[in-house]
Amino acid sequence: MPTRSQKLGGFLIRKERWGLAWRGWLIVAAAVLGLGWALMLGIYPFLAVTHRVDTKVLVVEGWVPAPVMQVAIHEFKSGSYERVFSTGGPVEWSGAYTSDSDTSAALGFERLRSGGIARGLVEMVPARVVGRDRTYNSAVALRDWLREHRLPVQSINVITEDVHARRTRLLFQEAFGEGVTVGIIAVPNPDYDSRHWWRYSEGVREVIGESIAYSYARFLFEPPK
């Protein structure tokens, strides 16, 4: 048991206690490194989740780069989808909402059309809100559009770029509520190898940034009333 002694009327105290020897510290360090390695290997597949649901409706975030849009076009043509929607707010360089044509929804719409999808099957649904929570605002815009046009849906699949996927599904589900099942399709970023994302500056930036963004959306985000 630990022993103690006092001096100067109790102002100073001496304690003896057990501490880790070098072998103990070695085990602790190995455990920390092992946990860190497991986290590094597991964080990408956690964020870049793909889980399709049975649906006739495909949603594409209009801001995604061209390679992701090509996958979206193939997904639509090869699946049993009947409609595809392009969502998104004002493009980043515009600074503010000016018109629907200056939104990422419009950009995605043009790419889908140029990919050979018929005009009657593609719909542009812009979000006219500038600022943070762009993904949530895009989901709300789509939800409201469907309600206004009396097109009830029970499920949708959303296509987005790799590590953005889990947060996208979370926010779309938040916007649509429990009555709609949200599926998600994550398309890898061609700029880095997802199996070794930590070797690329682009991979580190995206994985760390999206980990923070997802944590905010999961634990701190409150939908505006």
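For this structure, a couple of remarks:
- A search for C-beta distances below 7 Å between a residue of region 10-27 that is surrounded by 10 or more Cβ atoms within 10 Å (Cβ to Cβ) and any residue that is modelled with pLDDT under 70 and of a type in the set (Lys, Arg), counting only pairs 6+ apart in sequence or on different chains, returns 13/4.
- Where residue 223 falls short, out of the listed (1) touching a Pro at 6+ places or on another chain (Cβ under 9 Å); (2) in a loop (DSSP other than H, G, I, E, B): (1)
- Residue tally, condition outside any loop (DSSP other than H, G, I, E, B) and in contact (Cβ under 8 Å) with a residue 40 or more places away in the chain, over region 176-194: 8
- Any hit, region 60-71, residues being in a helix (DSSP H, G or I), closer than 26 Å to residue 214 by Cβ, touching a Phe, Trp or Tyr at 6+ places or on another chain (Cβ under 9 Å) and open to solvent by less than 90 Å² (accessible area, probe 1.4 Å): no
- Lone unmet requirement of (1) part of a loop (DSSP other than H, G, I, E, B); (2) of a type in the set (Ser, Thr, Tyr); (3) in contact with a strand residue (DSSP E or B) (Cβ under 6 Å, 6 or more places away or on another chain) for residue 138: (1)
- Residue within region 148-160 that is part of a helix (DSSP H, G or I), modelled with pLDDT of 95 or more and open to solvent by 20 Å² or more (accessible area, probe 1.4 Å) present: yes
- Among the candidates 132, 205, residue that is in a loop (DSSP other than H, G, I, E, B) and either in contact with a helix residue (DSSP H, G or I) (Cβ under 8 Å, 6 or more places away or on another chain) or open to solvent by 60 Å² or more (accessible area, probe 1.4 Å) (or both): 132
- Per the conditions (1) in a helix (DSSP H, G or I); (2) free of Cβ contacts under 8 Å to residues at least 40 places away in the same chain; (3) more than 14 Å from the chain's Cα centre (by Cα); (4) over 18 Å from residue 72 (Cβ atoms), the sole criterion not satisfied by residue 173 is (3).
- Check on residue 216, assigned to a helix (DSSP H, G or I) and farther than 16 Å from residue 87 by Cβ: yes
- Scanning region 100-129 for residues that are assigned to a loop (DSSP other than H, G, I, E, B), open to solvent by 40 Å² or more (accessible area, probe 1.4 Å) and either within 14 Å of residue 61 (Cβ to Cβ) or at pLDDT below 95 (or both) yields a count of 2.
- Considering each residue of region 143-158 in turn, at least one proves to be within 26 Å of residue 78 (Cα to Cα), in contact with a helix residue (DSSP H, G or I) (Cβ under 8 Å, 6 or more places away or on another chain) and among the basic types (Lys, Arg).
- On inspection, residue 91 does not qualify as in contact (Cβ under 8 Å) with a residue 12 or more places away in the chain, open to solvent by 40 Å² or more (accessible area, probe 1.4 Å), farther than 14 Å from residue 123 by Cβ and hydrophobic (A, V, I, L, M, F, W, C).
- When residue 33 is tested against (1) without any contact (Cβ under 8 Å) to a residue 40 or more places away in the chain; (2) closer than 14 Å to residue 158 by Cα, exactly one condition is not met: (2).
The values are calculated or read from the model by the stated rules, or taken from the named source; none is laboratory data. All values derive from a computational prediction rather than experimental measurement. Cβ: placed from backbone, ideal geometry, glycine included. Neighbour counts: every protein chain shown. Please note that ligands, DNA and RNA were not included when accessible areas were found on the heavy atoms of the full protein model with its side chains. Shrake-Rupley method; radii C 1.70, N 1.55, O 1.52, S 1.80 Å.
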